[in-house]
Amino acid sequence: MPLNIVSLVSVGRHPQSGRSRRAEQDGRAVEMGLKLAGQQLSVVHVGNPDEPVLRQYAGMGLSSLTVLKQADRFDAVPVLQRYLEQKNIDIVLTGVRSESGESSGMVPYLLAHALGWPVVARVADIVCVEKGEAQVLLALPRGQRRAVRVALPFIASLDLAAPPARQSAFGVGLRAKIETIESIGEVDQIRVDWQEAEAKPRAKRLKTVKAKTAAERFKAATAKPQGDAGKVLINETTQQKAQAIFDLLLEEKVIR
Amino acid sequence: MNDFSSVAVSPVGVVRRDPRKEWMARNRLHPRHHEVISEGVGGEMGANGLMRRNPRQIGFIGPNGIKRIDRLKGNAVQTPNKRQSVVPEVVLPWHVVATADFYIFVVPDMVGGRLSGHDKDILGLAHRLQKEIAGQGAVVAVCFGEVKETQFELAGVDRLVHFAGAEFEGFAAEAKAAALAAMDERWAPKHWLFPDSIHGGTDLGSRLAAELGERPATQAWQVDLEKTVARGAGGSLDISRATPRILFLLEECAYPIDETRHQVLSLEMPEVQRPAPRLLDQGLVAVDPNEIPLAEAEFILSAGNGIHNWAQFHQTAKALGATEGASRVAVDDGFMPRSRQVGASGTWVTARVYIAVGISGAIQHLQGIAQCDKIIAINTDAGCDMVKRANLAVIDDSDAILSALMMLANEKLVEPGAVQGNTNKEDSDAA
């Protein structure tokens, strides 16, 4: 039985030029979906069906793309929830954080809570799906990976460590059919009161010296940082020295 | 006319001097110098009740007859004195919260069981928020699993909640979120503060926010009681909004606590009802350590001029599961590729544990490892700079130590858990 997989895509933003583009993580979600389900993958976007960026996703080899049409000021989660409830879905793939809008990264969590599914965050790879269970590799900091088993259905958000999205073909993207579903949205009430401005560069943290007298300030400016000297092993046997190092490595859990 | 308090006029009119006191007054390094100098400076009560102070009575006459006035008031730069090398320890005042009117909960990342700089910033922010709210609040830190931190009281933790136990070890996002939801129900904190980080803070906070049905402010960096400025649209927007109850904070959002000590009392923990875990942890997966970028590697074994047996070095790195690094000399001599160089013209590393084998510690190299937590030096020269910087230094030949280390690592590999005497799941899985 082929898997029923949905990839959710959004409109990305190039960090330097600010142009809209295929979002990095969402592209990976489509790539992962293509790997797991092939042509059976359905790709869903909430927003404007005439958005040219959608053609970039379609150019990855999709024959069609579903758009739940609604205006920007509407909340995407209730619409998506209603759409996903209708279908018999196994896996929903998203990015960790969108590149436009609030970029809170809450969509997978809110959907998972509403649908009662587990959510797996920062996935590097979905190794295999068998007997109603998926073997998932999570991307941890410092290049580490953790294996997790999770029962279908679930929602996964893809990390940048996941396999990168394939190149998008312009012609294939143009030929893809975009199916538009009219949806009744709910206005995002909390967002109405927000003010948005271009991001200010954050000030660098200054080193503050809380000295009360000139002499203390002088000392703070000239004194060498005094690290507390560590342990030095000189006269022990080689075996003892090696054991001391090994114990520290075990204590810090870098050797498992 | 005399300026000395050591000078007294006896009843018969004979001027009596105390040469010892004069000597002490001249000698600024004398332990009783200030005592002697300040004698008689306070002035005395005049006939009409006013304090009369003799302006000529400050200072003293030096040995060469010149009047010296010490205006440093005891703040003179301490010259290294062998006889008294005891530095007085600074004891910070207590910040006491006897009964808390409200609580602010902070869930630190506790990377490696210790508070990170990010965590401390957030504790600092929690205290700033607590001061703005009327009434006295307590800042509560919620920790999970193993905790190695010993400085909670200096980081600003008024109350500590520690969920220990096997169910919170390893990957346990669902169990942790359930525990936080139970804490929320029991204590109803004014704010929940999470670090917006890849170490699990964002994931845990998002789970809690979805569970409680509240909208958090993510990537927040300027927070006060009314307004929060948060980054949006991939970091290209600043969104100003009313401060919500749940906040995910960026690094350097506030200054850490550094002027007070805190009580670190424990807080009552409610009974957590845990549903069956839906995400089953299979343990960490062995990754090729040399595939990890050097800048973000956790554990680096670095080689320098003191290495003679390079095959052995590579074998040891493999046995320990360490990423390989090198000093400039080793790279220049062609033993290691340029991409492995650590230091000023190579990579600035952030490893938690850094082993420097045969590296004496040129300043360019020490710059490159400034961010590392624990440094282990293996060197034949006990006086080199790397040994001074290291947390653990071993003075021996590198060949002997590396072969002994390799043997220990191989023993551990054969018999996982035998060295420490524990056989938890994580150990056996990864081995």
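The values are calculated or read from the model by the stated rules, or taken from the named source; none is laboratory data. Note that the structure is a prediction, hence the values are computed from the model and not measured. Because the Cβ atoms are built from the backbone with ideal geometry, glycine has one as well, and the counts that use them run over all protein chains shown. Side chains are part of the model used for accessible areas, which takes the heavy atoms of the whole protein and leaves out ligands, DNA and RNA. Shrake-Rupley method; radii C 1.70, N 1.55, O 1.52, S 1.80 Å.
Points worth noting:
- For the stretch B:253-289, taking the residues that are modelled with pLDDT of 85 or more and open to solvent by 90 Å² or more (accessible area, probe 1.4 Å), the one that is farthest from the chain's Cα centre (by Cα) is identified as B:278.
- Filtering the stretch B:202-231 to residues that are surrounded by 17 or more Cβ atoms within 10 Å (Cβ to Cβ), over 30 Å from the mean Cα position of the chain (by Cα) and not hydrophobic (A, V, I, L, M, F, W, C) leaves only B:215.
- Filter pass, residue B:366 being open to solvent by 10 Å² or more (accessible area, probe 1.4 Å) and either assigned by TED's automatic domain parsing to the domain that holds residue B:154 or touching a strand residue (DSSP E or B) at 6+ places or on another chain (Cβ under 9 Å) (or both): no
- For the residues A:210, A:200, the requirement of being within 9 Å of another protein chain (Cβ to nearest Cβ) and modelled with pLDDT under 80 singles out A:210.
- Filter pass, residue B:175 being open to solvent by less than 10 Å² (accessible area, probe 1.4 Å), out of contact with any Ser or Thr (no Cβ under 9 Å at 6 or more places or on another chain) and over 18 Å from residue B:254 (Cα atoms): yes
- Residue A:81 vs. criteria in a helix (DSSP H, G or I) and in contact (Cβ under 8 Å) with a residue 60 or more places away in the chain: no
Condition check ((1) part of a strand (DSSP E or B); (2) loosely packed, with under 15 Cβ neighbours inside 10 Å; (3) touching a residue at least 12 places away in the same chain (Cβ under 8 Å); (4) more than 8 Å from every other protein chain (Cβ to nearest Cβ)) across all residues:
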| position | (1), (2), (3), (4) |
| --- | --- |
| A:147 | yes, no, yes, no |
| A:191 | no, no, yes, yes |
| A:204 | no, yes, no, yes |
| A:218 | no, yes, no, no |
| A:235 | no, yes, no, yes |
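- Within the stretch B:316-337, not a single residue is in contact with a helix residue (DSSP H, G or I) (Cβ under 8 Å, 6 or more places away or on another chain), more than 13 Å from every other protein chain (Cβ to nearest Cβ), among the hydroxyl-bearing types (Ser, Thr, Tyr) and under 23 Å from residue A:144 (Cβ atoms).
- Only one entry of A:227, A:185, A:171 meets the criterion of being open to solvent by less than 80 Å² (accessible area, probe 1.4 Å), more than 11 Å from every other protein chain (Cβ to nearest Cβ) and at pLDDT below 90, and that entry is A:185.
- Here is the figure for the stretch B:392-431: residues that are open to solvent by 60 Å² or more (accessible area, probe 1.4 Å) and at pLDDT 85 or above total 4.
- Candidates A:17, A:103, A:98, A:7 - the one that is under 18 Å from residue A:168 (Cβ atoms), within 14 Å of another protein chain (Cβ to nearest Cβ) and not in a helix (DSSP H, G or I): A:17
- Filtered residues of the stretch B:181-201 (kept if over 14 Å from residue B:142 (Cα atoms) and crowded, with 24+ Cβ neighbours inside 10 Å): B:196
- Selection from the stretch A:106-126 of residues that are among the small types (Gly, Ala, Ser) and more than 8 Å from chain B (Cβ to nearest Cβ): A:114, A:116, A:124
- Residue list for the stretch B:358-387, restricted to those being within 7 Å of chain A (Cβ to nearest Cβ) and either in contact with an Asp or Glu (Cβ under 7 Å, 6 or more places away or on another chain) or among the charged types (D, E, K, R) (or both): B:374
- Residue B:340, sole failed condition from (1) modelled with pLDDT of 90 or more; (2) open to solvent by less than 30 Å² (accessible area, probe 1.4 Å): (2)
- In the stretch B:142-151, the residues that are more than 12 Å from the chain's Cα centre (by Cα) and open to solvent by 40 Å² or more (accessible area, probe 1.4 Å): B:146, B:147, B:148
- If only residues of the stretch B:47-64 that are at pLDDT below 75 and in a loop (DSSP other than H, G, I, E, B) are counted, the one that is farthest from residue B:19 (Cα to Cα) is B:53.
- Any hit, the stretch B:152-161, residues being part of a helix (DSSP H, G or I) and open to solvent by less than 10 Å² (accessible area, probe 1.4 Å): yes
- Residue match in the stretch A:23-43 (condition: part of a loop (DSSP other than H, G, I, E, B), touching a residue at least 60 places away in the same chain (Cβ under 8 Å) and closer than 24 Å to residue B:233 by Cβ): yes
- Strands (runs of 3 or more DSSP E) wholly inside the stretch B:211-252 containing at least 3 residues that are closer than 13 Å to residue B:193 by Cα, facing chain A (nearest Cβ under 10 Å) and of a type in the set (Lys, Arg): none
- Residue in the stretch B:65-86 that is open to solvent by less than 40 Å² (accessible area, probe 1.4 Å), modelled with pLDDT under 85 and at positive phi present: no
- Restricting the stretch B:164-189 to residues that are within 11 Å of chain A (Cβ to nearest Cβ) and touching a helix residue (DSSP H, G or I) at 6+ places or on another chain (Cβ under 7 Å), the residue that is nearest to residue B:271 (Cα to Cα): B:177
- Those residues of the stretch B:255-308 which are assigned to a strand (DSSP E or B), more than 9 Å from every other protein chain (Cβ to nearest Cβ) and under 30 Å from residue A:249 (Cβ atoms), in sequence order: B:300, B:301, B:302, B:303
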